[in-house]
Amino acid sequence: MRKPPKDKRLPFIDMFAGCGGLSLGMEQAGFTPIFANEIWEPAATTYRNNRGLSEKQIFVGDINYLVEHIDDFKFPKNVSMVCGGPPCQGFSMANRQRVIDDPRNHLYKVYLRFLSKVRPCFVVMENVKGMANRIDEIIENFQSALGSDYSFAYSLLNASDFGVPQNRERFILIGNRVGIESQQVFVGLKKPKISFVLRDALEGLPELGHKLQKGISEEESDAVGYFKRPFGYVKNGFYQFINGSRSIEYLYNHKNRYNNPRDIEIYTRLPQGANSLHPSISDIMPYARRNDIFKDKYFKLEEDKVCKTITSHMKFDCNMYIHPWYARGLSAREAARIQTFPDDFIFYGAQNSWYGQIGNAVPVKLAKAIGDSIKRWL
């Protein structure tokens, strides 16, 4: 086995970093972020403010510019890892065009160019599970970009297997040039001895009422919630899982959003586990004539199961994420807990953007499990 460079910081770069779920998991595993790229300003602000990085350490802009001017960024020669999840729309089995030639996969192609210039010890790509349909072609793309001294392997990982109270299956590709078969990283993944359900993530958070006024994002009250408030957490096993032994004094991003009276009535009537087809709302269901299309327009979450996949659609509404106990959707803090962000991780920007950032993120504890396994080889 080739010896990797001796840098105890284990420096890594996160591309398409979002608000930093993948980065945070890697940090918890012992890696140090030295650079990140994200084009969406609210997510980049969240990433930077939670880490205290300098403006030179996070590039807010198009990755194309970064690749074209890469010498100006002065990356070190021995980077432990580059990770990222480039958007890839054109990977369907029905699409006969090669993945790398599909114009919808432009950012995937640029990501490969970036990797070929930096040549890190480890490469991690996270993406939707449909990528597995074209795995032979994808490995061929990575091999062509990085060379035969890299070994590649992939797996479909479900976050719920790693303590995350959420059913979230993702495609993970790992490559390395330290002389091991990358499959060994997946073999070395450690799963926690304890598992959690939605109830664990929601327990002890303040009850919120209804927000009755539309378009007033600055409104704060005990019913609507607060961007920041003092709070004494219920320190259950889940609290320890996401926060460790730290005592956190403030609660952030726990606010309700406006719902019209009809939606509040629907939220109230639906039992846990029920969707738009449930007879309790048949008389007020606004899409009754098109139930085949809108059956999941509303869904009330079940407290004794893992949550359905948290997605960025929550930035539009939380009708598919109705709180199991209250007639409202999940707050951003509740969604962040389900994604296993620690309670002192703060989301910045407009309230709707908090949901977009959280839904796009890699669950922190899934990322940590991957980082822990990679670290053994560095």
Item to check | Criterion violated by residue 200 - all others in (1) under 15 Å from residue 307 (Cβ atoms); (2) in contact (Cβ under 8 Å) with a residue 40 or more places away in the chain satisfied | outcome: (2)
Checklist outcome for this item: Of the residues in segment 337-368 that are surrounded by fewer than 24 Cβ atoms within 10 Å (Cβ to Cβ) and of a type in the set (S, T, N, Q), the one that is nearest to residue 171 (Cα to Cα) is 360
Next on the checklist: For a quick check of your reading of the model, give me the residue pairs whose first member lies in segment 231-249 and is without any contact (Cβ under 8 Å) to a residue 60 or more places away in the chain, whose second is assigned to a helix (DSSP H, G or I), with beta-carbon atoms closer than 8 Å and at least 6 apart or on different chains.
Outcome noted: 236/200; 237/200
Checklist entry - Looking at segment 175-191, which of the residues that are in contact (Cβ under 8 Å) with a residue 40 or more places away in the chain and out of contact with any Phe, Trp or Tyr (no Cβ under 7 Å at 6 or more places or on another chain) is surrounded by the fewest Cβ atoms within 10 Å (Cβ to Cβ)? => result 190
Checklist entry - Among helices (runs of 4 or more DSSP H) lying entirely in segment 66-162, which contain 3 or more residues that are among the aromatic types (Phe, Trp, Tyr) and crowded, with 20+ Cβ neighbours inside 10 Å? => result 106-118
Item to check | Any chance residue 53 is modelled with pLDDT under 95, under 21 Å from residue 343 (Cα atoms) and among the hydrophobic types (A, V, I, L, M, F, W, C) | outcome: yes
Next on the checklist: Given the condition over 21 Å from residue 209 (Cβ atoms), touching a residue at least 12 places away in the same chain (Cβ under 8 Å) and not hydrophobic (A, V, I, L, M, F, W, C), answer yes or no: does some residue in segment 255-274 qualify?
Outcome noted: yes
Checklist entry - So, in segment 232-249, of the ones that are surrounded by 14 or more Cβ atoms within 10 Å (Cβ to Cβ) and modelled with pLDDT of 90 or more, which residue ends up nearest to residue 341 (Cα to Cα)? => result 242
Checklist entry - Taking only pairs six or more apart or across chains, which ones have beta-carbon atoms under 7 Å, a first residue in segment 131-147 that is on the phi < 0 side of the Ramachandran plot, and a second residue that is of a type in the set (D, E, K, R) and buried (at least 16 other Cβ atoms within 10 Å of the Cβ)? => result 146/119
Checklist outcome for this item: All conditions in (1) open to solvent by less than 50 Å² (accessible area, probe 1.4 Å); (2) at positive phi; (3) of a type in the set (D, E, K, R) are true of residue 51 except (2)
Checklist entry - Quick check: is even one residue across segment 176-186 within 30 Å of residue 238 (Cβ to Cβ) and not aromatic (Phe, Trp, Tyr)? => result yes
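The values are calculated or read from the model by the stated rules, or taken from the named source; none is laboratory data. Because the structure is predicted, anything quoted here is derived from the model rather than measured. With ideal geometry, Cβ positions are generated from the backbone for all residues, glycine too; neighbour counts draw on all protein chains shown. Protein only, heavy atoms only, side chains kept; ligands, DNA and RNA dropped before computing areas. Shrake-Rupley method; radii C 1.70, N 1.55, O 1.52, S 1.80 Å.
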